[in-house]
1. Compute the FRET efficiency between residue A:390 and residue A:422 as 1/(1 + (r/R0)^6), taking r as their Cβ-Cβ distance and R0 = 30 Å, and round to the nearest 0.05.
2. Using a basic spin-label model with each label point 7 Å from the Cα along Cα→Cβ, how many nm lie between residue A:272 and residue A:214?
3. Could you tally up the Lys pairs in the stretch A:402-543 with alpha carbons closer than 20 Å? Skip any pair fewer than 8 positions apart unless they're on separate chains.
4. Under 17 Å from the 7 Å Cα→Cβ point of residue A:363, by amide nitrogen: which residues of the stretch A:277-304?
5. Calculate the length of the line joining the C-alpha centroid of the stretch B:334-405 to that of the stretch B:254-316, in whole Å.
6. Mind running the shape call on the stretch B:201-363? Use the C-alpha gyration tensor, a ≥ b ≥ c as the square roots of the eigenvalues: rounded below 1.5 for a/c, prolate if a/b tops b/c, oblate otherwise.
7. Using +1 at the Cβ of each Lys and Arg and -1 at the Cβ of each Asp and Glu in the protein assembly as shown, identify which of B:339, A:375, A:244 lies farthest towards the dipole's positive end.
8. Using only DSSP helix segments of four residues or longer, with each worth -39500 (n - 2.57), what per-residue ellipticity at 222 nm results for the protein assembly as shown after dividing by its residue count and rounding to 500?
Amino acid sequence: MSEQEKKEDVRIGIFVCHCGSNIGGLIDCKALAEYAKTLPNVAHAEDNLFTCSETGLASIKKAVEEHDLNRVVVASCTPRTHEPLFRECISEVGLNRYLFNFVNIRDQCTWVHMKYPKEAYEKAKDLIRMGAYRAVILEPLDTIIVNVNPGALVIGGGVAGMHAALNLSRQGFKTYLIEKEDKLGGRLNSLYKLFPHDIDASEFVENIKNNVQNAQNLEVYTSSKLKNIKGFIGNYEVEVEQDGKKINLSVGAIIVAVGASLLKPNNLFGYDGKNRITQHELEPKIKNNEINANNIVMIQCVGSRNDERQYCSSVCCMTALKNALIIKEKKSDINITILFRDLYTPGIDYEEYYKKARKKGVLFIRYGLDKEPTVEGNQIKVYNEYIGEEIIIPYDLLVLSTPLIANDDNKELAQILKVPLEVNNFFLEAHVKLRPNDFATDGIYIGGSAKWPVDITESITQGYAAASRASTILSHETIEIEGATAYLPEWNKNLCKGCEVCINICPYNAIKKNEEDEIEIIEALCKGCGVCGAACTKKAIIIKHFTNEQILAEIYAFGGK
Amino acid sequence: MEEASKRALVIGGGIAGIQASLDLADMGIHVDLIEKKPCIGGKMAQLDKTFPTNDCSICILAPKLSECYRNLNITLYSYSEVQKVEGIVGNFSVEILKHARYVKEDLCINCGLCVEKCPMRVEDEFDRQLRKRRAIYMYYLQGVPAIMTIDKKNCLWFTKEACRICEKNCEKEAIDFNQKDELIKINNIGSIIVATGYNLIEDIDNDILKNYGYQKYRNVVTALEFERMLSASGPQEGHIKRISDGEEPKKIAYLQCIGSRTDRGAKYCSSICCMYTTKEAMIAHEHDNELESYIFYIDMRAGGKGFQSFLRRGEAEYDIKYIKSKIAEISIDKNESPIIVYEDLDTSEIKKLKVDIVVLATCIIPPEGIVKLAEVIGFELDDYNFIKTPPFSPVKTSRDGIFTCGCVHEPMDIPRSVAEGSSAAARAAEIIRGG
Ligand SMILES: Cc1cc2nc3c(=O)[nH]c(=O)nc-3n(C[C@H](O)[C@H](O)[C@H](O)COP(=O)(O)OP(=O)(O)OC[C@H]3O[C@@H](n4cnc5c(N)ncnc54)[C@H](O)[C@@H]3O)c2cc1C
Ligand SMILES: Cc1cc2nc3c(=O)[nH]c(=O)nc-3n(C[C@H](O)[C@H](O)[C@H](O)COP(=O)(O)OP(=O)(O)OC[C@H]3O[C@@H](n4cnc5c(N)ncnc54)[C@H](O)[C@@H]3O)c2cc1C
Ligand code: SF4
Ligand code: SF4
């Protein structure tokens, strides 16, 4: 690589970030910056306590101007959260955003090698050197501009989906709401009263349905399923099937609000659907005045918070309290005992509700996972930790609080949309905290109990939140998308033998053969993942920003020291 | 364009208000973001790491802070407060009081020369009084906007007409002792979002905390103080030490529901402390993996995504012991090590445990100034003075066109604050776009 060692026109600036003590606490960032100065083509290097702070960014800009830099390398946390920021920063001082190179010395050095500071430091040096060599041959790229179709598709007509659709249509976007059942409403259609204000479920849901029916710009398709989706952010071609009939829609953004299903507690606590039922089966019974029990026992966390299903379904404690309170209100001398593990009633209204239930005489007994209650005939045996012995409670109605679980067909939907699921098969958002209603794929959003069991209030919040996120795309006539894509340059076309490996391997369907039987890459669909470039037997496909030369430069730098 | 397009006003620059502002700005709607403190960021900026994935709080927040600062659709008014709101939904006018920083915003480059020379030492509010700052200061290291502020109450020039050393040291001539508070009027506001966050019970009342030895015993600290103690940019630079003697702790106890779920304090549940105590115990354990942690609780409330697995990891990998209990009393031994006397609710025995530090998970309360803000804007509060929202209308207030998000209407964690920020933005956009 000697001819590349020194390039007259390349002037690199390297910024080594302490990331507070995340990096600086373990390894010597000042020394790293000094080391960086010794690398070829490096015109400036410094260390910053937080390169991403306004102060840090200002010093990048200052250095670009003062030292006439034309490449910037930041050695810090992770490109996942910070690359856009630094790219933006250098573009503000007139550099092309792709002339920036990220070197990850936090996640890949000080975090994973926390117990080996010396080795972490040496590795950071290697990575910085590799980054500097790659920076030399980075090329400026253009971002791609695509048009946006100002329409939205909402999948799932529960509370989350209906509120998302209402909001988007009121913002003026043409919105399509598709629901697989023959009516809107979702879970609410089968509930009686709703905690924490004991509002009537059917009244509440009818009201929303009316708003949906009367909304302008909003088209509802019931008994409909998503069949196929083609396209990319701003430009999706959607195929929906309604009663065997195909409907084609064009939209710019998609919201997933398909809700959740209920666990059937077969084999648990003698469940029989008669006098051993679920909370969900209890609700219509209360509604139709079919309760003629004197001793009701409710068991919480049935099939949840165990090894098989670790999570807390977060709505079942409140549901049990609600149903207990309604029954007590109708007939106060019915004995109700709730066997619980931890009572999940966070916040203001819910804790108040719990207090109310205690006041009304609902009995609470705590049990542990290691000593679950057992059902024997018409008795429940439960170890009472407080008094330190087993007690026996008679029942004539046993109600099991079972969790919300992911829908069976989530996998199928996830495949069509190319979005991920988490271990329990709920949909997986882009970032738990800061992007709770986005998918990692731009243009597709998520809300309500499809993402995780939540109550109505939070489902509505998330429906609106997903709408807001979609609106940040739909509000623009055009948007810019990532320019680092796969590319089949004119001069490589003769290398291509038409084997179609790339077409088959591309997870985003971004490659096809055109009329001339030539490979064509649809840039807007391409996510730059690089698998086609690696698979192409003739090395005809180039991955922009990750060219073979750029990767080899890093490898040589690693070996070269 | 015949008519100037409508703007949105967001009050409060914590994570909820930031998310609302960024979403609206990305929809192409102009936002005026009002923050009372010298910098935006709110409580999230004070946290070390955040559950349930334990990423570093400021690291994931910083890009958002910068985005607020540089987004052309956002005008940031820091160190400012809303004085007056007139008009109706779709067309409000607002008067803002922008406090003088005595530093010229366009000249200050946050080089810190002034701070070095300032002779006044003042208790640092951001570090929860665990460290001293100067009378001229950056609110916090990574703060946005990155501009110094002179704290008039403590500055020698304003108190004794002396000093002005900062002025002499500032190479940019950015110090301006003649700066005045400014009244700014903004018209054409379609909708307002109130996101003024929360305070903690110790901010207004130490009575309940005193029962647990707070401010009587030096090794009893609050959870937010402990966040600062854990933080690399905090007063102990990321090395956990006892306040009394600087020794590294070997045993830490976390007491939950302090001031929450009680008839003596707030009746409600603060919602987030069950999770952050485990988080703090995990981080402390990462500092020293022989550390023992004890969490004293009533119910463990962990319903959010990944939360149960988080607690399991705490128990299995970080050696955290969870004790369902009632605290009876706290005293200290001659080394000032706290001794906890408690009833173990699993065995109903009275037990004793000596630890090196006690961390109190204190109750979340409505933010200071909310009563006045409610009067100025005209929305209702609930019995506790959180903003009242109608049933199943999570981000709506009692006044048309005024929305809310985040902890100002109920205690909640960051994921929900962010979702609510977006949600409030969606509702405001509906109004601004005439829907
Ligand atoms: C027994 C019980 C009682 C409850 N009581 C209360 C209460 O009192 N108060 C409260 O706040 N919460 C309560 N909840 C929780 C509440 O039901 C949920 O918060 C709420 O229903 C979630 O709304 P959603 O829109 O996310 O999902 P859902 O209501 O499940 O709606 C999802 C919709 O999507 C449709 N769908 C699914 N897959 C597809 C597909 N592939 N294509 C098209 N459409 C699809 C479904 O048919 C459904 O209509 C209770 C839950 C249970 C189980
Ligand atoms: C010890 C502790 C640890 C925590 N750990 C975690 C965690 O690990 N993970 C997690 O998810 N959550 C955690 N939280 C909760 C988290 O802090 C909150 O969810 C989040 O900060 C709420 O954001 P917010 O924007 O609603 O409020 P805030 O962060 O309080 O922001 C409100 C903003 O409004 C400003 N303001 C107030 N009044 C006015 C006014 N009148 N005019 C203008 N501006 C005003 C304030 O100065 C502030 O900047 C923790 C909380 C505590 C106490
Ligand atoms: S909400 Fe209550 S019953 Fe349901 S899983 Fe959580 S703790 Fe168990
Ligand atoms: S979240 Fe947990 S610690 Fe906090 S008040 Fe509620 S129950 Fe108590």
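1. 0.20
2. Spacing of the two 7 Å Cα→Cβ label points: 4.9 nm.
3. 20
4. Residues A:293-300 qualify, since their backbone N sits under 17 Å from the label point.
5. So the separation of the two Cα centres works out to 15 Å.
6. rounded
7. Sorting the options by dipole projection puts first B:339.
8. -8500 deg cm²/dmol
The values are calculated or read from the model by the stated rules, or taken from the named source; none is laboratory data. Note that the coordinates shown come from a computational prediction; the quantities given were computed from them, not determined experimentally. Note that we place each Cβ from the backbone using ideal geometry, even for glycine, and neighbour counts take in every protein chain shown. Ligands, DNA and RNA are stripped out before the accessible areas are found, and what is left, the full protein with its side chains, is counted by its heavy atoms. Shrake-Rupley method; radii C 1.70, N 1.55, O 1.52, S 1.80 Å.
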